[in-house]
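Engineer: Attaching a single structure in structure tokens format; questions to follow.
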Amino acid sequence: MALDYSVIGGRIKRARKSKRMTQVELSERMNVSIAYLSKVESGRIHLNLPRLSQICSILDVSEGQILDGVSNASNKYLDSEFSDLLKLCTPKNQKLIYKIAETIYHAQNN
């Protein structure tokens, strides 16, 4: 499985913003340039594990949450990913996805 660094960068950016931290603040804590952090968040730079761990430590998120979008601390870890995906779909496809989800829900709860 290849890593999509633009997705990883987007998750880092969302985590940073959820902590109400600017790129300047995060870059200072990481001891890197703002340009470097911008490239990380846009997926133009491939992170190594020590740098990823540093970012996760500063933002208080797990590496799994950044790499996979999975957080063990929350049952709603897919909310933003699902919402983002739905926004990209046509209204017709959104309705189809809703009906499929509704069918699965009723099948499991009856």
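Engineer: Do we find that Tyr105 is surrounded by fewer than 16 Cβ atoms within 10 Å (Cβ to Cβ) and among the aromatic types (Phe, Trp, Tyr) in this structure?
Structural biologist: When the stated conditions are applied, Tyr105 passes them.
Engineer: Among the residues of the stretch 18-43 satisfying the criterion of being surrounded by 12 or more Cβ atoms within 10 Å (Cβ to Cβ) and of a type in the set (Lys, Arg), which is farthest from Ile66 (Cα to Cα)?
Structural biologist: Arg29
Values in this text are rule-based calculations from the coordinates and carry no lab data. Only a predicted model underlies this, so the values are computations on that prediction, with no experimental measurement involved. Counting neighbours? That spans all protein chains shown, and the Cβs are built from the backbone with ideal geometry, glycine included.
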